[in-house]
1. For the range 1-47, which residues satisfy the criterion of being touching a helix residue (DSSP H, G or I) at 6+ places or on another chain (Cβ under 6 Å), farther than 15 Å from residue 79 by Cβ, within 15 Å of the ligand (Cβ to nearest atom) and not in a helix (DSSP H, G or I)?
2. Hey, does the range 52-63 have a residue that's modelled with pLDDT of 95 or more, surrounded by 20 or more Cβ atoms within 10 Å (Cβ to Cβ), over 30 Å from residue 189 (Cα atoms) and more than 16 Å from the ligand (Cβ to nearest atom)?
3. Can you tell me which residues in the range 125-146 are out of contact with any helix residue (DSSP H, G or I) (no Cβ under 9 Å at 6 or more places or on another chain) and either assigned to a strand (DSSP E or B) or surrounded by 13 or more Cβ atoms within 10 Å (Cβ to Cβ) (or both)?
4. Which of the residues belonging to the range 110-119 are within 11 Å of the ligand (Cβ to nearest atom) and surrounded by 12 or more Cβ atoms within 10 Å (Cβ to Cβ)?
5. How many residues does the range 38-47 hold that are more than 21 Å from residue 182 (Cα to Cα) and surrounded by fewer than 21 Cβ atoms within 10 Å (Cβ to Cβ)?
6. With the requirement that a residue be in contact with a strand residue (DSSP E or B) (Cβ under 8 Å, 6 or more places away or on another chain) and without any contact (Cβ under 8 Å) to a residue 24 or more places away in the chain, what does the range 166-187 give you?
7. Specify the residue that is farthest from the chain's Cα centre (by Cα); the eligible residues are those in the range 87-109 that are assigned to a strand (DSSP E or B) and within 10 Å of the ligand (Cβ to nearest atom).
8. What number of residues in the range 24-51 are within 25 Å of residue 169 (Cβ to Cβ) and out of contact with any strand residue (DSSP E or B) (no Cβ under 6 Å at 6 or more places or on another chain)?
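The values are calculated or read from the model by the stated rules, or taken from the named source; none is laboratory data. Because the structure is predicted, anything quoted here is derived from the model rather than measured. Every residue, glycine as well, gets a Cβ built from its backbone with ideal geometry; the counts of neighbours run over all protein chains shown.
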Ligand code: GAR
């Protein structure tokens, strides 16, 4: 099984979905650690309750972003992760960090990328008059929310939706999508090939977009 470390900043409901999936011994990944830039992130306590090592690496204790990232890398690498999952990790990552985990770091974003990168996606989807919304799991590259897409799920926008209930409905789709996407990466079905996510050659013949 692939060793997975999860990075969070908050309640960690997507992290919990990954932990739940990995409880099945036939799932191709195990969650070996959960780290947060916020020591009071609710998800750290949740992870600890599951017996998973959970650590805060408090960003306020470091002089700058680079120093914090170096500390995070050091703590993460102590768990020898094969794959890093960002799950509501809300701090921008620099090329230093992204490069260290190139091709083996994935993120879940609450929109159908490349639409609506960035923050406040639910508000912006409603403002744009979208009739569908969704979530994306993608490989992390230097450009925020722009890496190769691994998997997506869509939901419909209903009359009377508010940003909050749209977010809650989408969250349920995220909890199904993220374990599915991590499985694809962990079992080697999908890998990053430059700017694309491709179905591995051994399984699909000619590489093609995932
Ligand atoms: C999720 O909706 C996730 O897609 C989003 O934050 C939420 C975290 O919730 N991520 C981003 O906005 C990344 N820019 P969770 O802590 O309960 O998983």
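1. 11, 12, 37
2. Yes, some residue in the range 52-63 is modelled with pLDDT of 95 or more, surrounded by 20 or more Cβ atoms within 10 Å (Cβ to Cβ), over 30 Å from residue 189 (Cα atoms) and more than 16 Å from the ligand (Cβ to nearest atom).
3. Quick first cut of the range 125-146, residues out of contact with any helix residue (DSSP H, G or I) (no Cβ under 9 Å at 6 or more places or on another chain) only: 127-129, 131, 143-146.
144, 145, 146 - these are the residues of the range 125-146 that are out of contact with any helix residue (DSSP H, G or I) (no Cβ under 9 Å at 6 or more places or on another chain) and either assigned to a strand (DSSP E or B) or surrounded by 13 or more Cβ atoms within 10 Å (Cβ to Cβ) (or both).
4. First pass over the range 110-119, keeping only residues within 11 Å of the ligand (Cβ to nearest atom): 110-111, 113, 116-119.
Correct list: 110, 111, 113, 116, 117.
5. Of the range 38-47, the ones more than 21 Å from residue 182 (Cα to Cα) are 38-42, 45.
Within this subset, residues satisfying the condition of being surrounded by fewer than 21 Cβ atoms within 10 Å (Cβ to Cβ) are 38-40, 42, 45.
Residues flagged as more than 21 Å from residue 182 (Cα to Cα) and surrounded by fewer than 21 Cβ atoms within 10 Å (Cβ to Cβ) within the range 38-47 amount to 5.
6. 169
7. Applying the first criterion (assigned to a strand (DSSP E or B)) to the range 87-109 yields 105-109.
Keeping just the survivors that are within 10 Å of the ligand (Cβ to nearest atom) gives 107-109.
Values: 107: 3, 108: 4, 109: 7 Å.
Residue satisfying both the conditions and the ranking: 109.
8. 2
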